[in-house]
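The values are calculated or read from the model by the stated rules, or taken from the named source; none is laboratory data. Everything quoted here is computed from the prediction, not taken from an experiment. Here the Cβ positions follow ideal geometry from the backbone for every residue, glycine too, while neighbour counts run over all protein chains shown. What goes into the accessible areas is simple: the full protein's heavy atoms, side chains included, and nothing from ligands, DNA or RNA. Shrake-Rupley method; radii C 1.70, N 1.55, O 1.52, S 1.80 Å.
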Amino acid sequence: MLEENLNGSSSSSSTYDMNGHRIAQANSNADQSSISANGTSSNNCADYTTNGVMNHNSHHDQYSTQNQNVQLDNTNRDIVRLIGQHLKLIGLERTAQMLMQESGCTLEHPAATKFREHVLSGDWHKADYDLQELQTIVDDDKLTKHNLIEMKFLLLEQKYLEYLDDSRPIDALHVLRNELTPLQHNTPRVHQLSSYMMCTNNQELYERASWEGKNIKSRTRLMDRLQSYLPASVMLPPKRLHTLLRQAVELQTERCSHHDMAWETSIDNVSLLSDHNCSDTAHNFPMYPVQILNEHSDEVWFCKFSPNGLKLATGSKDTYVIIWDVDPEKHQLKHRKSFECHPNGVSFVTWSPDSKYLIVGGTEESSELLIFNIDELKLHSKVSHSNDESLTCAAFSPDGTRFVTGGIRGQFYLCDLEGTILNNWDGVRVNSLAFLNDNQTVLAADTHYRIRSYCFETRNDYNMIQEQHPIMTFSVNSTDRLALLNISSQGLHLWDLRDKCLIRTYQGITQGAYTIYSTFGGVNESFIASGSEDNTVCIWHVRREEPLATLTGHTRTVNCVSWNPVFHDMLASCSDDGTVRIWGPKPSGNNYLSSLISGSSSSTPATSSSSSLNHNDDHMGNSNNDWNIS
């Protein structure tokens, strides 16, 4: 018995193995026979064998029984159509036909199938006739008159270009004058198409029209555009299953609170057999205490990793700044040098871009800055102009040859490394500074709850950000796009500097009147971290306002957090409890135990103590330890 296939042609019923490969064909007058597992035939009728090979008659009977028993709801019919479309897309035409036959579904309306065939074969007269037929079977609200004209315009555009490609300018001119122009649709495009008549060769035509030429590729691209105007009940959108899977991957990525945006996630580089998760990132995330530095004898107000990631500078109320060497493999720090600096304590430090120089500043009562050469471990220069001044913040220029400094008493200077004032801005009371990558623009937070942009060369200044409460400190990410602000009594705000708008208000920290420094960090700066007056360190994904981790262990306010810019699995925090804590990935087994009970003892002018750690399993908030997608 002959059966009709999807294209309307008749074919003999066939036998297939479990992989969909045809084993044998049988005509209506052929003897009944069965195929054995090794491919030999016998006269015995047989049911399915263990490898799925079957007799022709039993196949027909069982297929008929299955087809009668399977009742598909709308959802499952849609799924079958999606799978069928994808099978045809990857070249499994016969398998797609079998799927449609067994399920009783149709991949698309027969009129749509004819339309596709005529478009892909370049039969434009028949394609136009098919388009009129489609109009009669599609609701008016789904195929409006405007959409119909647009589809006709696209067909004629391809027809016109192919005539030009075939060196048939008379025929192309006929299409342009007698078919495209009378549509009175997209007149600017018609004028553009007419200009292609002047192309001297096909290559020039391809370049000016951004077109692939007369081939199956350009016609397939045309068909994809035409499909977008037809409802899915008539013709599925192009690559619909692929589109749905891509959207699923993107949604899972968006929902992953720990996703590292530096890894470009797409359907092409993830497994579709399991949900997206960032377990690898979790293993390397700095959420576990690996070392406590006790060398300071009083409150530690500031800590900052060097741009090369190999050193850490910490400043304390005990008047000392300490330089530490970083061992990125062991996630351990070793004391290198201590410098006695400001009599009222060290309130901030800033590194030069090459990690060679370190500016050390004091409290509001301090009128000078100290610049140290860290390579030579000696004082390089001082900045001091008047005992009445207050220099409480500074920032290096990207080229490392200059820096800006200022304070809330109205000093705002541009200086060189020798401390010479190159330029100044009178009456600007600043409490935090940042130098942008253009090497000219300086951002300054002032006492009017705002951040303003200053250019010393052009003397231009203007408002960038306006808050309703005092801006204690701020930092800018490496692209100059985002600014992270610690706001008095409000917490942590994230601003878009280009659009000048507030985009995040992060939850989880206590921010009163204390000066607290936050930081961007992680690969591609996908995360942020900040200290808090409740003695904790909070970490967020930059896209989410709820903290993904809360690190505990400090016993007093955490004043500053610094994320290593090179070795992203290291984080430092300093506190009024007099300690600096180093956070890293969780070591395994005995290595973890060793890191807890061993330490590097060192003698400094401040104190002599070991850098060992008493482990506390409660160092992270219980509600934020899940690294799976929520």
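Summary value for the range 448-600: 13 percent relative contact order, contacts being C-alpha pairs under 8 angstrom separated by 6+ residues. As a test question: what accessible area, to the nearest 10 Å², does Y462 have when a 1.4 Å probe is rolled over all protein chains in place? Looks like 110 Å² after rounding.
Here's how it looks for H568: its modeled amide H is under 5 Å from none belonging to a residue 5 or more places away or on a different chain.
Karplus-based coupling profile of the range 367-383, in residue order and whole Hz: 10, 9, 10, 10, 10, 9, 8, 6, 4, 9, 6, 8, 5, 8, 6, 10, 10, with θ = phi - 60° in 6.51 cos²θ - 1.76 cosθ + 1.60 and x standing for Gly or Pro. Lys and Arg at +1, Asp and Glu at -1: add these up for the other residues within a Cβ distance under 13 Å of T515 and post the number. Combined, the nearby Lys, Arg, Asp and Glu give -3. Once a ≥ b ≥ c are taken as the square roots of the eigenvalues of the Cα gyration tensor of the range 325-390, is the result rounded (a/c under 1.5), prolate (a/b larger than b/c) or oblate (a/b not larger than b/c)? Prolate is the answer for the range 325-390, as a/c is 1.5 or above and a/b outweighs b/c. Near G578, the amide H atoms lying under 5 Å from its own belong to V300; only residues 5 or more places off or on other chains count, and H is placed 1.01 Å from N.
By a 1.4 Å probe calculation restricted to protein chains, E340 has an accessible surface near 120 Å², given to the nearest 10.
Computed from backbone phi with θ = phi - 60° and the Karplus coefficients 6.51, -1.76 and 1.60, the 3J(HN,Hα) list for the range 84-92 is x, 4, 5, 4, 5, 4, 8, x, 8 Hz; x is used for glycine and proline.
If you take the square roots of the eigenvalues of the alpha-carbon gyration tensor of the range 263-392 and sort them as a ≥ b ≥ c, do you get rounded (a/c under 1.5), prolate (a/b over b/c) or oblate? In terms of gyration-tensor shape, prolate. With a cut-off of 14 Å between beta carbons, the residues surrounding P328 carry a summed charge of -1, where Lys and Arg count +1 and Asp and Glu -1.
Counting every alpha-carbon pair across the range 513-585, the share separated by more than 16 Å comes to 42%.
Karplus-based coupling profile of the range 93-98, in residue order and whole Hz: 4, 5, 5, 5, 5, 4, with θ = phi - 60° in 6.51 cos²θ - 1.76 cosθ + 1.60 and x standing for Gly or Pro.
Amide H contacts of N423 (H built 1.01 Å from N, in plane; Pro and chain starts excluded): L414 sit under 5 Å, all sequence-distant by 5 or more or on other chains.
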